[in-house]
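Just dropping this structure here.
The values are calculated or read from the model by the stated rules, or taken from the named source; none is laboratory data. On a predicted model such as this, the values are computed, not experimentally measured, just so you know. Positions of Cβ are generated from backbone atoms using ideal geometry, with glycine treated the same way; all protein chains shown enter the neighbour counts.
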Amino acid sequence: GDSVTQMEGPVTLSEEAFLTINCTYTATGYPSLFWYVQYPGEGLQLLLKATKADDKGSNKGFEATYRKETTSFHLEKGSVQVSDSAVYFCALSDGDYNQGGKLIFGQGTELSVKP
Amino acid sequence: AAGVIQSPRHLIKEKRETATLKCYPIPRHDTVYWYQQGPGQDPQFLISFYEKMQSDKGSIPDRFSAQQFSDYHSELNMSSLELGDSALYFCASSDEQRYNEQFFGPGTRLTVL
């Protein structure tokens with residue numbers, strides 16, 4: 001079945017450092033890809049998404065590009081802030097061609113940014 | 001902007017008891033998803049509803065049931081609770097125009113003692 005694998009955490013960075021969180025997926029169809037962020041004690045917030053190959057999702061300085069050839073959707077940010085400390089989940093939607101469907105999540109990567 | 005509402009936010013139950021979790025989707029959203037997130041785990045899909053009909057089913061135990069009502073709110077009923085049911089339960093909603101954006105509620109934290 002479809003699955004998502006992301007790099008293990010925790011990831012600890014200093015403020016203004018460059019962030020990469022790797023995410024790869026396995027899917028039989030043409031899923032949409034997402035990054036969700038979960039702050040302590042809160043629900044999941046959609047950070048960005050991409051619905052087809054070569055799409056780039058971006059939001060709040062974060063970006064990720066849907067790479068079909070490498071089945072990847074790595075999250076990047078050029079300069080992290082302490083407020084970015086959270087758990088980041090990569091996910092795919094198992095519906096084809098932007099048709100929605102249940103989300104399949106990776107195991108989450110905890111990011112801790114130190115001042 | 002209105003968000004997904006879940007109630008209660010916290011629930012403590014004893015083993016073998018029952019629990020009912022409620023989800024109120026964003027207005028005009030017609031699809032509801034339920035997810036279970038164990039401690040330190042990623043969210044796992046349980047069940048979804050579209051226009052009051054079950055649309056997909058995941059790893060939901062037979063002890064659990066759910067439905068979506070005419071006003072689109074949904075309830076997750078859990079019976080014969082086990083210690084392993086302790087988790088954060090999220091509800092998410094989406095609409096027909098933006099299938100791919102699921103908006104999550106704050107979750108219900110269920111603790112089974």
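Name the single residue, out of those in region B:90-113 being farther than 15 Å from B:S48 by Cα and modelled with pLDDT under 90, that is farthest from the other protein chains (Cβ to nearest Cβ). Explain how you work it out, then say what you get.
Initial filter on region B:90-113 (farther than 15 Å from B:S48 by Cα): B:97-98, B:106-113.
Imposing the further condition that a residue be modelled with pLDDT under 90 reduces the set to B:97-98.
Values: B:Q97: 11, B:R98: 8 Å.
My answer is B:Q97.
Here's something else I'd like to know. Out of the strands (runs of 3 or more DSSP E) lying entirely within region B:22-102, which hold 2 or more residues that are surrounded by fewer than 16 Cβ atoms within 10 Å (Cβ to Cβ) and among the polar types (S, T, N, Q)? Explain how you work it out, then say what you get.
Numbers: elements: B:31-37, B:44-50, B:53-57, B:64-68, B:74-78, B:87-94.
Result: B:64-68.
For residues that are within 22 Å of A:A91 (Cβ to Cβ) and touching a residue at least 24 places away in the same chain (Cβ under 8 Å), tally how many sit in region B:72-113.
Keep residues of region B:72-113 that are within 22 Å of A:A91 (Cβ to Cβ), which gives B:74, B:76, B:87-109.
Still in the running and touching a residue at least 24 places away in the same chain (Cβ under 8 Å): B:74, B:76, B:87-96, B:99, B:102-109.
Qualifying residue count, region B:72-113: 21.
Looking at region A:77-87, is at least one residue assigned to a loop (DSSP other than H, G, I, E, B), of a type outside the set (S, T, N, Q), closer than 22 Å to B:L46 by Cβ and out of contact with any Asp or Glu (no Cβ under 7 Å at 6 or more places or on another chain)?
First, the residues of region A:77-87 that are assigned to a loop (DSSP other than H, G, I, E, B): A:78-81, A:85.
Next, only the ones that are of a type outside the set (S, T, N, Q) stay: A:78, A:80.
Next, only the ones that are closer than 22 Å to B:L46 by Cβ stay: none.
No, there is no match, as no residue in region A:77-87 is assigned to a loop (DSSP other than H, G, I, E, B), of a type outside the set (S, T, N, Q), closer than 22 Å to B:L46 by Cβ and out of contact with any Asp or Glu (no Cβ under 7 Å at 6 or more places or on another chain).
Write out, first by first residue and then by second, each pair whose Cβ atoms fall under 7 Å of each other, whose residues are 6+ apart or on separate chains, and whose first residue, in region B:39-55, is more than 12 Å from every other protein chain (Cβ to nearest Cβ) while the second is acidic (D, E) and surrounded by 14 or more Cβ atoms within 10 Å (Cβ to Cβ).
Correct list of pairs: B:E51/B:D30.
Just to be sure before I move on: is A:E42 surrounded by fewer than 17 Cβ atoms within 10 Å (Cβ to Cβ), of a type in the set (D, E) and closer than 20 Å to B:Q36 by Cα in the structure I sent? Give the derivation first.
Details: surrounded by fewer than 17 Cβ atoms within 10 Å (Cβ to Cβ): yes; of a type in the set (D, E): yes; closer than 20 Å to B:Q36 by Cα: yes.
Yes.
If a residue counts only when it is touching a residue at least 60 places away in the same chain (Cβ under 8 Å) and over 15 Å from the mean Cα position of the chain (by Cα), which strands (runs of 3 or more DSSP E) contained entirely in region A:10-57 have at least 3 such residues?
Details: elements: A:11-14, A:19-21, A:23-26, A:32-38, A:44-50.
Result: A:11-14.
May I pose another question? A:E76 - would you say it is in contact with a strand residue (DSSP E or B) (Cβ under 7 Å, 6 or more places away or on another chain), within 11 Å of chain B (Cβ to nearest Cβ) and surrounded by fewer than 18 Cβ atoms within 10 Å (Cβ to Cβ)? So that I can check it myself, show each step before the final result.
Working: in contact with a strand residue (DSSP E or B) (Cβ under 7 Å, 6 or more places away or on another chain): yes; within 11 Å of chain B (Cβ to nearest Cβ): no; surrounded by fewer than 18 Cβ atoms within 10 Å (Cβ to Cβ): yes.
No.
Is it true that B:Y33 is within 13 Å of the chain's Cα centre (by Cα) and either within 14 Å of chain A (Cβ to nearest Cβ) or not aromatic (F, W, Y) (or both)? Full working, then the answer.
On the way: within 13 Å of the chain's Cα centre (by Cα): yes; either within 14 Å of chain A (Cβ to nearest Cβ) or not aromatic (F, W, Y) (or both): yes.
So B:Y33 fits the description; yes.
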